[in-house]
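The values are calculated or read from the model by the stated rules, or taken from the named source; none is laboratory data. As the structure is a prediction and not an experimental result, all values here were calculated from the model. All Cβ positions, glycine included, derive from the backbone under ideal geometry; neighbour counts span all protein chains shown. Surface accessibility is based on the protein's heavy atoms, side chains included, excluding ligands, DNA and RNA. Shrake-Rupley method; radii C 1.70, N 1.55, O 1.52, S 1.80 Å.
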Amino acid sequence: IDSTTIACGGWDKKITLLDISNRANIKSLGVFGFESIINTIVPIDSTTLACGGDDRKVTILDIRDRANIKSLEEFRFEKGVFTIILIDSTTLACGGDGGKVTILDISDRANIKSLGDFEFKDTLVTIIPIDSTTIACGGGDKKVTLLDISDRANIKSLGVFGFEDTVKTITPIDSTTIACGGLDGKVTLLDISDKTDIKFISSYMWLESNIYELLNPKEWILVNEDGWEFDNDEQLYRYARLYDPKSKKLVPYFDVEGDRVIRSEDGKRLVIKRVGSSE
């Protein structure tokens, strides 16, 4: 939310705001309860959140008073909401069990409107922005699809790339490259320089298991299985991979040319930083 506040949600069916100004003494600021599991939370600005979950709604929350969170408006879907992204300050893209990407106008926080949607054949798990007019989507249809959203009322498919199983996560590497992962157990790099003709660059098999999250600290990416902890340096050396922009390949983190890296752990998420970098 800001440098001292984070928002959390999940199986407890609540959104909780936490004060992290004192890292050694995290405090709860306020709680807002829901009917079902929370799957996704997106800050719209420092005073407003959008959240979605198994209650089949996108809910806009006013968090100006951290101790007294208020619901401003709800937009209902036929099925659960898995993913929400902020396209710009007045527009959200949402998807989930209903198998659609829906563009929502939130310019009037008290009156959310649907601008348009695009239908897929299966559950939509992940959406990411590529640029101001393009989003990338993936899910149960075993594809990554690039959509042109320049005309919100007439969303068009630009290009499609097929996978062996459900796509769980997509992250941009640079303006022409995305990394994808999912139930096929692979991290796959795709060239999207021509959005109508997505091309395979390379892939890396991740322990023959599911991939739920790809992290992208600026120009390289760390691969981490959901809930996996790197307990020691041996595991880090064996399993952590970074994207090398020079070779356009995933390489062991200690092999990135010309750079030493250090690591720190934030809960179950491993963060790797370049020594001497301000990032």
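Quick one: G182 ticks every box in (1) small (G, A, S); (2) within 24 Å of D88 (Cα to Cα); (3) modelled with pLDDT under 90; (4) open to solvent by less than 60 Å² (accessible area, probe 1.4 Å) except a single one, so which number is it?
Exception for G182: condition (2).
Which fully enclosed strands (runs of 3 or more DSSP E) of region 18-100 have 1 or more residues being in contact with a Ser or Thr (Cβ under 7 Å, 6 or more places away or on another chain), of a type in the set (S, T, Y) and without any contact (Cβ under 8 Å) to a residue 40 or more places away in the chain?
Fully inside region 18-100 and qualifying: 27-33, 57-62, 70-76.
Please enumerate the residues belonging to region 107-164 that are of a type in the set (V, I, T) and over 19 Å from I87 (Cα atoms).
Matches in region 107-164: T123, V160.
Which of (1) in contact with a Cys (Cβ under 6 Å, 6 or more places away or on another chain); (2) touching a residue at least 40 places away in the same chain (Cβ under 8 Å) does I135 not meet, given it meets every other one?
Looking at each condition in turn, I135 falls short on (1).
Inspect all residues belonging to region 153-173 and state whether any of them is in a loop (DSSP other than H, G, I, E, B), over 20 Å from G95 (Cα atoms), at pLDDT below 90 and not hydrophobic (A, V, I, L, M, F, W, C).
For region 153-173, residues in a loop (DSSP other than H, G, I, E, B), over 20 Å from G95 (Cα atoms), at pLDDT below 90 and not hydrophobic (A, V, I, L, M, F, W, C): present.
Given the conditions (1) aromatic (F, W, Y); (2) over 29 Å from S157 (Cβ atoms); (3) crowded, with 18+ Cβ neighbours inside 10 Å, report the number of the one that W11 does not fulfil.
Unmet condition: (3).
Among the residues of region 17-55 satisfying the criterion of being touching a Phe, Trp or Tyr at 6+ places or on another chain (Cβ under 8 Å) and among the polar types (S, T, N, Q), which is most open to solvent (accessible area, probe 1.4 Å)?
Per the stated criteria, the residue is N39.
What residue, among those in region 92-141 that are of a type in the set (D, E, K, R) and touching a Leu at 6+ places or on another chain (Cβ under 9 Å), is most open to solvent (accessible area, probe 1.4 Å)?
Filtering first and then ranking leaves K113.
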